[in-house]
1. Within the stretch B:167-180, identify whether any single residue is of a type outside the set (A, V, I, L, M, F, W, C), surrounded by fewer than 15 Cβ atoms within 10 Å (Cβ to Cβ) and in a helix (DSSP H, G or I), and answer yes or no.
2. Which residues, taken from the stretch B:146-182, are under 18 Å from residue B:89 (Cβ atoms), of a type in the set (Val, Ile, Thr) and more than 8 Å from every other protein chain (Cβ to nearest Cβ)?
3. State the number of residues belonging to the stretch A:14-50 that are of a type in the set (A, V, I, L, M), within 21 Å of residue A:398 (Cα to Cα) and crowded, with 17+ Cβ neighbours inside 10 Å.
4. Under 9 Å by Cβ, and 6 or more places apart or on different chains, what pairs join a residue from the stretch A:219-233 that is without any contact (Cβ under 8 Å) to a residue 60 or more places away in the chain with one that is surrounded by 13 or more Cβ atoms within 10 Å (Cβ to Cβ) and not small (Gly, Ala, Ser)?
5. Consider the stretch B:71-87. How many of its residues are of a type in the set (Gly, Ala, Ser) and either loosely packed, with under 10 Cβ neighbours inside 10 Å or closer than 19 Å to residue B:132 by Cα (or both)?
6. Quick check on residue A:295: is it within 14 Å of chain B (Cβ to nearest Cβ), modelled with pLDDT under 95 and at negative phi?
7. Quick one: residue A:262 ticks every box in (1) in contact with a Gly (Cβ under 8 Å, 6 or more places away or on another chain); (2) at pLDDT below 95 bar one, so which box is it?
8. Name every residue in the stretch A:282-292 that is facing another protein chain (nearest Cβ under 9 Å) and crowded, with 21+ Cβ neighbours inside 10 Å, in order of residue number.
Amino acid sequence: MRCVSTVIIGAGQSGLAFSHELTARSIDHVVLERAEVANSWKAERWDSLRLLTPNWQTRFSDYAYNGPDPDGYMSMKEVASFLKDYAAYCSAPVETNTQVLSVTAADFEYLVKTTNGDWLCQSVVLASGACNKSNIPGIANEFPNSVSNIGLHQYKNPEQLEDGGVLVVGAAASGAQIAKEVQTSGRQVTMSVGEHVRVPRTYRGRDICWWMVATGLMDTPYTEVDDINRARKVASLQLMGSDDRADIDINSLRALGINIVGRLQGLRESQALFSGALKNHCALADLKMNRLLGTIDEWVNERELNSEFDPVHRFHDTKIDANTPLQFDLSSNDIKTVIWATGYKPDYSWLHLPVLDRKGTICHDGGIVSNMSGLYVMGLPFMRKRKSSYIDGASGDAADLAHHLASNLKRKAA
Amino acid sequence: MTNTQATAIVDNGVNVEAILGAREALDATPEAAQFKWRVSSDWVNGTHTTTKINKFFGLGEEQDRGKEFAVDMDHPEVFASEDNAPTPVEVVLSGLAGCLSAGVATIAQNREIQLRSVRATIEGDMDLQGILGIDEDVRNGFGAIRVKFDIDADASDEDINALVAQSQKRSAVFDILTNPTNVFVEVN
């Protein structure tokens, strides 16, 4: 058994940023990584995925992308290599190929059992990410055996799919991107669309991420949001990182020949049933997008910067076919595959502490885990700020929480 | 928006504090959020049926209003009926109007928007070849439902559209009509 002040679980952007902050405070720690640095990015995403955020936004407090294409979007391989370089830059004490088996509390301390021995520590940082498992709804089990269910962790590229029709469930970044590439591969895609967050890739000549940073939206603190629990559940922005910086929205997907249907609500034998609320789900997305664009325009007007940007404009509302089918026969439409682009969820199966609510969500206040002194979490959506789950959010959150952790250690020592 | 109204206290007759309080309480005690709504009906004659509505279950116990409502339904004369009351499908459309309008009023109160009038005009398309069993490919129920709102309020068109969109998002009857529900019918 080894002793250390702090164990950080996970060597992605969150764990590495936290390690950097602890090193700066001379707090001894170790970063446990089940595989290699940036494993989720490298091994658990689809092949064509690129970051949704531009390269200039791929940055830590004192370390950033400095390549030739600041407005481009990194491939997963490039993200992994960027994080590996950052780990070296920070001299992060990473123990690779070390899987955590359990975390338990023992007399004001934590016992972390791993495949490479055990650690006793005073604080634990859960930096294993929010995307460990595909979030697949129970209805997947009701689909007939003739249909393969594929989660986001299994999907790599269209070539792995059987020939035939594909039902993509979900219209956030993952669903929209996968629907596009599968349709382009020659398989007819039907995409089931529930609530989603529509944003244009660029607006008035700038990347939408640039606007969200400039207007301060990315820095909105969790304490200033009306309903933080709801904000933390909002789906990812309907975006894609590509060379042509094209929008990916319901209108553009429909133009590719994708069938757009409502939220998947049920299955009766081989009939998939979709919600008739599609029009409202799209109306909500259009309204929210226009509100965001209005916020941007207001910001520009207040600063009298109109001459520096392209003129104000608005995008076409989402077009919904009045005859959108509510039922869809899987066999007569030759559906061979269902891709569940219904989000990710964290895996806390090894966390043997009473910190999860009835839905399995970790209870925390800005990353400080409730009722469990010395336990912290990182990288969750809107954890401390809107950008908390972005690479760009890791340093700030790590600094705040490391400060809290350090004073906690001092108090214990006193 | 008129400036004289901007500083006035918004009152749509909705107790938002009570609703927000209930939301918080039911988040902590999900079992109390389990409600059962009930109606009982008696056939009168012909296509005329009358329903009685009073008790429901909620907040962990039986709730008694201490009074009874009646909703009657019949069919019109073009169906060779006596036309004593609206058709059941019109009552369903009334339910949608009532639910969406209650939502608009509540959300407007929460967003501090004063309403002056809210009128919903609803139309449901029905092909009678379905219920008459003429064509098996035609469904019995509505082919489509269209709701048109006329809202007079101290708010921009965009804010009013957002009210109506949010009201649909949180409406029980909208959900009932747009999504399938398992229905179990038994004979005692």
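1. No, the stretch B:167-180 contains no residue that is of a type outside the set (A, V, I, L, M, F, W, C), surrounded by fewer than 15 Cβ atoms within 10 Å (Cβ to Cβ) and in a helix (DSSP H, G or I).
2. B:147, B:173, B:176, B:181
3. 9
4. Partner pairs satisfying both residue conditions: A:229/A:361.
5. 2
6. Against the criterion (within 14 Å of chain B (Cβ to nearest Cβ), modelled with pLDDT under 95 and at negative phi), residue A:295 does not qualify.
7. Exception for residue A:262: condition (2).
8. A:284
The values are calculated or read from the model by the stated rules, or taken from the named source; none is laboratory data. On a predicted model such as this, the values are computed, not experimentally measured, just so you know. For neighbour counting, all protein chains shown are included, and Cβ atoms are generated from backbone atoms with ideal geometry for every residue, glycine included.
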